[in-house]
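Let me begin by presenting the structure, written as structure tokens, before commenting on it.
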Amino acid sequence: MARFIIRSIISTIITMLLVSISLFLLIEVGSGDITVKILGVFSTPEQRASYAAQLGLDAPAWQRYIDWLIGNDWRAKNKVGYPLVTSINPQTGEADWWADVDGQLTRWTLEEGRLLTLKRQDDGSTTSHISSGAWQIDEEGREYFWGVDVKNNAVMWVRGAGAEVWALTKAGLRKEGDGPMKYIPLRKGLLRGDPGISLQYGRPVAVTLVSRIRNTLVLAGAAFVIIMPLALFFGILAGINEGKPLDRIISITSLGFTATPEFVTGIFLILIFGVWLKVLPAVAIFTSADAIFEDPKLIALPVLTLTAVELGYIARMTRASMVEVMDSAYIRTAIIKGMPISRVVFKHAIRNALMAPITIIMLHVNWLVGGLVVVEVIFGYPGLGYYIYKSAIFGDFNAVEAAAMVTVAIAIITRLFGDLAYTLLNPRIRYS
Amino acid sequence: MTELKKTPPVLKLEDVAVAYKVRGGEIEAVQNVSFEINRGETHGIVGESGCGKSTVAWAVLNFLGANGYVKRGSIKFQGQELVGVTGEELRRLRGDQIAMVYQDPMQALNPSMRLGDQMSEVLTVHRGMEQKEAEKRCIEMLERVYMPDAANVMKRYPHQISGGQQQRVVIAMALLNNPALLIMDEPTTALDVTVEAAVLDLIAELRRDFDTAIMYITHNLGVVARVSTRVGVMYAGEMVERATVEQIYKNPYHPYTQGLIRCVPKLGADKAKSVLYPIRGRVPPPDNRPVGCVYGPRCDYIQERCREERPRLRQMPNGAIVRCHFAEEIDASQWTPSEDIMPPSVEVKDVVSDPIISVKGLKKYYEVQGSSLRDVIGLGEKRYVKAVENASFEIFKGKTLGVVGESGCGKSTLIKTIIGLEDSTSGEAKFLGFDITDDISKRDESLIQELQMVFQNPDSTMNPSYTVGQQIGRPMQRFKTTPKDEIRGEVVKLLDAMRLGENYYDRLPRQLSGGEKQRVGIARALASHPDLVLCDEPVSALDVSVQAAILNLLLEVQQKFDTTLIFIAHDLSVVRFFSDHVAVMYLGQIMEIGPAEAIYTPPYHPYSEALLSAVPIPDPTAVQKHIRLKGNVPSAINPPSGCRFHTRCPRRELLPDGGKVCELEIPPWRDAAEGHRIFCHLPLETLRTFDPVITQPTEGS
Amino acid sequence: MAVKTITQPTSRPSRLQKIWKSMSIIFESRVATVGMSMVLFWVILAFISLFWTPHDPNASDFIQNQGPSIQNWLGTDHLGRDLLSRLMQGTQVILLKTRLPGDAGISIPGGVAIWGVIGSLTLGSVLGLNAGYRGGWWDQIIMQVLDALIAFPRIVLYLVVIAALGQGDLVVILAITITGAPGVARLARSLAMDIKTRDYIRAAETRGENVWYIMFREILPNARGPLLVDGMLRVGYAIFAIGTLGFLGIGLPPPDPDWGNMVNEARRNIFSNQLAVMWPALAIASLVIGLNLFADGLREEMTRYQK
């Protein structure tokens, strides 16, 4: 038992690591030039290269993977020479990076060749001073300085050679002088809860992700709560009536629903309940962040769609398992012992019949996530699936990677729960 | 006896036929079966597989599945008609008045319910007993079947106890309501011989004490001889003969019964006498039975009448009931085997050369992983299953070494190591002077070709996707022993030697019977002309009549090709019949090795003695010593110190201090005679004083 | 020479008989027969569409959003195209042809769903046989990698692969192959683990056969049945997945109509024209149900046969 759990956990960790590497590589290989998407097709190669450097894309892939996974502030710290910390900006509500210079949060900026030190005051405002004597000299005799800039990068300025950089502002691309030569876009990394900045929205991914995850969990949870008991009930009912009309009706209905894609079920449910009967909202428009809790009707159709598709599959699995168990020698024993049929089913069969579906259901969670994407797209439901879909289409790799890792984590954790549930049901594993 | 006659029999079947509906018709699996069982009587039903024995049992319980039903006849249980009884009435009978014990206890017990719950529900449901009281009774019953630590067993799950104990639980469960009729379907077939013996003792004892009527189904003539009072012989869905157990064995009327008895090896008789005569042909499938006598096509005495008219059951002067037209005229003692089943004549050759294979101190350990955290991450202490410990033997060309032992004794590992499916842990093994301690990947092709193997299970010995010809031809092709264009001719020659014709060349395995598959398996092993063939229980999965044919065939092949054989089996009678030398193994250790005759007569190793006394002998008149081993076979991960057998040895007490030395010291090899060695602390003088285990009554036959 | 003259005539009829026998298994099961008819219906329609469709599937020749009429049996879509013709043409990319990238417009036989499943069967079998037969570290490593793949929600994998590699028939095939392979591998592994305990594998080992020979000549032929049945189910999943991708607008590229995309386009006009959604939906569902029934029936018959 202990061994089993330890193995599962070790395997989970390795799996997550493998997934993160393959996900990173896949996006690395294929995502093409993201700067084209952000800057538009009319941008010049020079502009793209400059912007890519600002995103840290000029670093080698392994370096970016490590940065992505565990952050890079510890690496940048050695360059800057001070501890790097984050502090919430009261205006945006997002975290900003600062160097901790003897207890004073500090950033720097280069203006017209002069290095300014920005010190943060307790009220959140900053004061600037001209910084002198901070420049260091490298082997080639250039004067350089590593510091934290106002855009949350660790950067290297070179005195007198202020590079020209293309900055992306709300008004479009703007050429700026006094730019740094090197960028390290500071981040804490996925493992420390910071998956980076969304390229599509320009805001930290973590901020948007949280509410999306919550919405999706509510949707999936509601569907799960409805599907499980119904599917097991119908599956068992069909299983003990193998070959009889009731079994045929349940089996054919479940097959029919399973074979109908979510997007079709969803559309027809909208047509029936949203358009013809007008009892349920056809789209899930969130007026506030807590809209689902204020108006549960919003998720009625998405949940119904998911239920229609998943119910049949799980019911079929349960049926198959039940049929197999009812055919086994120990059920024969129970019948020959003269046990009433209800006792045979409830005391002898169900527990054994549930073992197979439970592992399958838990493996099936990633199917459910697939269904979620489609359902969320149909109903415009602001959940994780919709987010992944839009980010993937855009090529927003920070967002896709983070969101995909969340779905993978959900899949793996449910599988772990499935393994545990199986262990609890199966005394052969529990006592060995 | 007279009192018994007055009460109606517990079970009375009259002219019962059971049919199964299949696509496009109906198959009568069982026809015209009639018999009765009285209180306190064990009625054996014996026959080969596919003869409808189990179907009769299921018919009594009316558990024939969705497509089976009793087509004709009546089944009366204590005077009450059972045919047509369904629903609640049937449920009340099952498990209360009629109980059943099955072949495989592991399958029959619910894996996810505690044994106590499975047992007590029989009482709570049928008798409405309180849970507490029911449990108390269950514990009593478990103790009654000699289950050690009964109260604790109640809390366990089936997989946590051994096979023998599981069968005790099933038997205890069946007896809880003191049923009038107990049906046992091959209850000991899945068990080892010493465990089987103990369970059979228990059954006999319970029958006496509970005065239950038992219907005992088995294919094993030895078992049936030991447990039953009356025996019914079934063949192809019919009961062909029914008589008391003594009459069946001493004076069988039906040619099938006679044939069956002729084809089992007998442990009691001396080796020269025990010649096996197989029955030719095979049991016809239920949808293709002959018109006249079902046994006709295989019968030596067939007449025109047998082909046309189905014989009726007739009573013989001595009370036996036989289904044969000519039962009175057939004299079994005048029988002579026909050409096709004539056993090979064995000529004894003198040993001239060096041994072909010699093994010295061979060990095979498997590493096992523990379940603690330290073990998982690889820091735990390494533990080993000591599957084979210090095995030493040699075999001369053209001779056979038989290896016997119960499951888990290491006999299979031993031959796997020799053939190279596993490498050995240490020790020496030489074959024709070449080292064979490594596994097969490190052996030379010409060496691989010289060692081949015959397998146990006919259903898995052949690859279902290839024809007979392809499979026999493959070794020739691989070892290039035969030029490509001559392979077919060679294969056909081999098929002829196996008494299979050329028309088998293009057949697929599913078109063959079990015995035919086994013949092909032997042909495949011989295809590369090996010097040594290892046979892993080649006949244990076959019906007795086929078993005899395969054993004879192997002997014949050995004569013809001068092949050396290692023959492993759990059946002591088969090994005796077949081998020149025998090694007895227990828990990885060879306990006794020597010429076959010597193993079966004193001096014995105490384990060999116990094994011999456990073997069911197909002769109700033979007298066998009663020695039963206590407890379970210990784990091979941590085998007992000193002598591995000391935890169960019934003879330990003969040593001073109750055999303290057996726990402390590894026993010495004692040379009893030329080539006969015994691994025991008991001095030879003591071992020699043991009586023979099996004694024949003086009259003989 | 003598050998050859004997083998030829005997092996010929046996092969024909073999095919006939495996065909007769289908007809013994009513479920399989119904399933096969449903699948055959679409296959035949696909072949017909190669030579003839009632109208040009991509030409807006008719009034938009019309119901069924003599001219347009199934009606027209929002651009005035004939729905029946589009539905028929839509079977081709799934079942019959795969368009290679490039401007030449070359297609190879075998639809995207078919090639995708062949890909996952091949990749999955190789991995599963190695894991199952060799066991030990092979098994650990292969299964660990496959577990990682399985943990990936399929649709996310599709999205990422397609976002990464762009749209195209070959990309969809790749996506189906990658997502299907772990499932096939699990099945192949469990079959190999079962089959490797058989004595005939022991016999091959005692002949010193090479591992690849044992895996592909001794084990695979006996695992073929269940793998093929599984493959059939997978064709259904693949069609389902292609539909979903089409619906999300990242499926098979034009000009060939794609059922999923047809649903996506038609849903904007669902108020006026429900049939335009209904037909492709029915097409996907019936093909998937057909394949499911076919596979179920075959599996049932095969186990019956083995008993």
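The values are calculated or read from the model by the stated rules, or taken from the named source; none is laboratory data. For clarity, every value in this text was computed on a predicted model and none was experimentally measured. Glycine gets a Cβ as well: all are built from the backbone with ideal geometry, and neighbour counts include every protein chain shown. For the accessible areas, the whole protein counts, side chains as well, though only heavy atoms, and no ligand, DNA or RNA atoms are used. Shrake-Rupley method; radii C 1.70, N 1.55, O 1.52, S 1.80 Å.
The sole residue among B:Ala672, B:Ala598 that is in contact with a helix residue (DSSP H, G or I) (Cβ under 7 Å, 6 or more places away or on another chain) and farther than 22 Å from B:Leu534 by Cβ is B:Ala672. Note on region B:89-102: residues that are in contact (Cβ under 8 Å) with a residue 40 or more places away in the chain and either closer than 23 Å to A:Ile350 by Cα or surrounded by 20 or more Cβ atoms within 10 Å (Cβ to Cβ) (or both) total 7.
Each row is one residue, and each column tells you yes or no for (1) within 11 Å of another protein chain (Cβ to nearest Cβ); (2) among the acidic types (Asp, Glu); (3) in a helix (DSSP H, G or I); (4) touching a Lys or Arg at 6+ places or on another chain (Cβ under 6 Å).
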| site | (1), (2), (3), (4) |
| --- | --- |
| C:Gly128 | no, no, yes, yes |
| C:Trp138 | no, no, yes, no |
| C:Ile142 | no, no, yes, no |
| C:Val145 | yes, no, yes, no |
| C:Thr177 | no, no, yes, no |
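What pairs come out if I take residues in region A:286-304 that are modelled with pLDDT under 75 and pair them with residues that are open to solvent by less than 70 Å² (accessible area, probe 1.4 Å) whose C-beta lies under 7 Å away, six or more apart or interchain? Hits for this filter: A:Phe286/A:Pro382; A:Ala289/A:Ser211; A:Ala291/A:Leu298; A:Ile292/A:Asn215; A:Ile292/A:Val218; A:Ile292/A:Leu298; A:Ile292/A:Ile299. Of the residues making up region B:488-534, those that are within 12 Å of another protein chain (Cβ to nearest Cβ) and closer than 30 Å to B:Leu572 by Cβ are B:Lys517, B:Gln518, B:Val520, B:Gly521, B:Ile522, B:Ala523, B:Arg524, B:Ala525, B:Pro530, B:Leu532, B:Val533, B:Leu534.
Checked against (1) within 27 Å of C:Ser286 (Cα to Cα); (2) open to solvent by less than 10 Å² (accessible area, probe 1.4 Å), C:Ala192 meets all criteria but (1).
Cβ-Cβ distances below 6 Å connect the following pairs, each with a first residue in region B:497-515 that is modelled with pLDDT of 85 or more, a second residue that is surrounded by fewer than 16 Cβ atoms within 10 Å (Cβ to Cβ) and not hydroxyl-bearing (Ser, Thr, Tyr), and a separation of six or more residues or different chains: B:Pro509/B:Pro464.
If you check A:Gly179, A:Gly193 for being surrounded by 15 or more Cβ atoms within 10 Å (Cβ to Cβ) and outside the structural domain of A:Ala356 (by TED's automatic domain parsing), only one passes: A:Gly179.
The single condition from (1) outside any strand (DSSP E or B); (2) in contact (Cβ under 8 Å) with a residue 40 or more places away in the chain; (3) open to solvent by less than 10 Å² (accessible area, probe 1.4 Å) that B:Ile214 fails is (1). Residues in region B:562-610 that are open to solvent by 10 Å² or more (accessible area, probe 1.4 Å), under 23 Å from B:Lys630 (Cβ atoms) and in contact with a Lys or Arg (Cβ under 8 Å, 6 or more places away or on another chain): B:Gln589, B:Pro602, B:Pro603. The number of residues in region B:390-425 being outside any loop (DSSP other than H, G, I, E, B), more than 14 Å from every other protein chain (Cβ to nearest Cβ) and open to solvent by 50 Å² or more (accessible area, probe 1.4 Å) comes to 2.
Looking only at region B:446-473, residues that are among the polar types (S, T, N, Q), over 17 Å from C:Asp199 (Cβ atoms) and either more than 9 Å from every other protein chain (Cβ to nearest Cβ) or over 30 Å from the mean Cα position of the chain (by Cα) (or both) come to 2 in all. The residues listed here are B:Gln165, B:Gln107; of these, the one that is part of a helix (DSSP H, G or I) and within 26 Å of B:Val56 (Cβ to Cβ) is B:Gln107. Taken together, A:Thr423, A:Thr359 contain a single residue that is open to solvent by 20 Å² or more (accessible area, probe 1.4 Å) and assigned to a helix (DSSP H, G or I), which is A:Thr359. Within region A:215-225, none of the residues are open to solvent by 50 Å² or more (accessible area, probe 1.4 Å) and assigned to a loop (DSSP other than H, G, I, E, B). Applying a threshold of 8 Å to beta carbon distances and a minimum spacing of six or more residues, or different chains, the list of pairs starting in region B:246-262 at a residue that is open to solvent by 10 Å² or more (accessible area, probe 1.4 Å) and ending at one that is assigned to a helix (DSSP H, G or I) and of a type in the set (Val, Ile, Thr) reads B:Tyr249/B:Ile261; B:Pro252/B:Ile261. Within region C:246-267, count every residue that is surrounded by 23 or more Cβ atoms within 10 Å (Cβ to Cβ), more than 10 Å from every other protein chain (Cβ to nearest Cβ) and part of a helix (DSSP H, G or I). Of the residues in that region, 2 qualify.
Screening C:Leu233, C:Leu227 for residues that are within 14 Å of chain B (Cβ to nearest Cβ), under 15 Å from the mean Cα position of the chain (by Cα) and in contact (Cβ under 8 Å) with a residue 24 or more places away in the chain leaves exactly one candidate, C:Leu227. Being of a type in the set (Lys, Arg) and either surrounded by fewer than 18 Cβ atoms within 10 Å (Cβ to Cβ) or within 41 Å of the chain's Cα centre (by Cα) (or both) is not true of A:Arg332.
Residues of region B:466-496 that are modelled with pLDDT under 90 and outside any helix (DSSP H, G or I): B:Lys480, B:Thr481, B:Thr482, B:Pro483. Being in contact (Cβ under 8 Å) with a residue 24 or more places away in the chain and open to solvent by 10 Å² or more (accessible area, probe 1.4 Å) is the filter here; which residues of region C:95-116 pass it? Those that are in contact (Cβ under 8 Å) with a residue 24 or more places away in the chain and open to solvent by 10 Å² or more (accessible area, probe 1.4 Å): C:Leu95, C:Leu96, C:Arg99, C:Leu100, C:Pro101, C:Ile114, C:Trp115. Could you grab me the full set of residues in region A:391-420 that are over 21 Å from A:Leu25 (Cβ atoms) and surrounded by 17 or more Cβ atoms within 10 Å (Cβ to Cβ)? A:Ile410, A:Thr414, A:Arg415, A:Gly418, A:Asp419 - these are the residues of region A:391-420 that are over 21 Å from A:Leu25 (Cβ atoms) and surrounded by 17 or more Cβ atoms within 10 Å (Cβ to Cβ). Just one of the listed residues (B:Thr55, B:Thr42) is among the β-branched types (Val, Ile, Thr), under 29 Å from the mean Cα position of the chain (by Cα), away from chain A (no Cβ under 13 Å) and closer than 24 Å to B:Asp209 by Cβ, namely B:Thr42. Provide a single number: the residues in region A:338-347 that are open to solvent by less than 20 Å² (accessible area, probe 1.4 Å) and over 19 Å from A:Leu232 (Cβ atoms). So the count comes out to 2.
Looking at region A:260-272 only, could you name the residues that are facing chain C (nearest Cβ under 7 Å), touching a residue at least 24 places away in the same chain (Cβ under 8 Å) and either hydroxyl-bearing (Ser, Thr, Tyr) or in a helix (DSSP H, G or I) (or both)? Across region A:260-272, the qualifying residues are A:Thr260, A:Phe263, A:Ile267.
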